[in-house]
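First up is the structure itself, then whatever we jot down about it.
The values are calculated or read from the model by the stated rules, or taken from the named source; none is laboratory data. Since the model is a prediction, treat every value here as computed from it, not as a measurement. Cβ placement follows ideal geometry from the backbone for every residue including glycine, while neighbour counts extend to all protein chains displayed. Calculation scope for accessible area: heavy atoms of the full protein, side chains included, ligands and nucleic acids excluded. Shrake-Rupley method; radii C 1.70, N 1.55, O 1.52, S 1.80 Å.
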Amino acid sequence: SLSSLRGKVVLVHFWATWCPPCVEEMPVLEQLYRSLAGQDVEILAVSVDEGGHGVVDPFIQRNKLTFPILFSPDRSAAASYGTFKFPETYVVDREGIVRLKAIGPQDWMHPENVRVIRELVSAK
């Protein structure tokens, strides 16, 4: 649960393998994840693929993704956030408050995006 990550900055990212912008964005999220390793940041990518592990696991292996991938094939997790388009990402601060909602693909390595995340990490 997200509450178990309280004290960390969390990117909750809703995506699917059938979504071309989502597929393009995943390597950038991996790059961000690796660049912030050891800091109080977590990425939770929530797949809404109906095929679950059978579809997503090969994608994870091909793209060498190391951040946590969760599954919500019925899209209930996305619905709880009010998400209906993909990709969509929520940046949650250490207190569990959504500080940024990004609709559509983002360049998470863009200096402005990295700055926002680092500022949330440094706010204690």
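Report the full-extension gain for the segment F71 to E95: residue separation times 0.36 nm, less the Cα-Cα distance, to one decimal in nm.
Numbers: separation 24, 0.36 × 24 = 8.64 nm, distance 2.40 nm.
Result for the pair: 6.2 nm of gain on full extension.
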Exercise for review: Would you compute, for the Cα atoms of region 73-124, the largest minus smallest coordinate along each principal axis and list the three values in descending order, in whole Å?
Suggested key: 35, 25, 14
Review point. Based solely on its DSSP helices, what 222 nm [θ] is calculated for the chain when runs of n ≥ 4 H residues each add -39,500 (n - 2.57) and the sum is averaged over all residues, nearest 500 deg cm²/dmol?
Key: -11000 deg cm²/dmol
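Taking square-rooted eigenvalues a ≥ b ≥ c of the alpha carbon gyration tensor, is region 1-45 rounded, prolate or oblate, where a/c under 1.5 means rounded and, failing that, a/b exceeding b/c means prolate? Don't skip to the answer; put the middle values down first.
Details: a/c = 4.34, a/b = 1.56, b/c = 2.79.
Because a/c hits 1.5 or more and a/b fails to exceed b/c, region 1-45 counts as oblate.
Say R0 is 35 Å: what FRET efficiency, to the nearest 0.05, do A37 and I103 get from their beta-carbon distance?
Numbers: r = 27 Å, r/R0 = 0.77.
According to the calculation, E is roughly 0.85.
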Exercise for review: Over the chain, with every protein chain in place, what whole percent of the accessible area is carbon and sulfur at 1.4 Å, could you tell me?
Suggested key: 55
Review point. What percent does the relative contact order of region 1-77 come to when contacts are Cα pairs within less than 8 Å and at least six residues apart?
Key: 35
Check your understanding: List the aspartates and glutamates whose alpha-carbon lies under 17 Å from that of K101, not counting same-chain residues fewer than 8 positions away?
Key -> E25, E42, E88, D93, E112, E119
Point to revise | the chain - share of DSSP beta bridges that are antiparallel (%, nearest 5) | key: 50
Study note, to complete from the structure: The helix 111-122 Cα axis meets the longest alpha-carbon principal axis of the chain at an angle in degrees, between 0 and 90 and rounded to 10, of 60
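Sorted by average packing, counted as other Cβ atoms within 10 angstrom per residue and highest first, what order do 25-31, 95-101, 115-121 take?
Working: 25-31: 18.1, 95-101: 12.4, 115-121: 15.4.
Output ranking for 25-31, 95-101, 115-121: 25-31, 115-121, 95-101.
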Check your understanding: Quick one: helix 53-63 against the long Cα principal axis of the chain, what's the angle to the nearest 10°, folded into 0 to 90?
Key -> 60
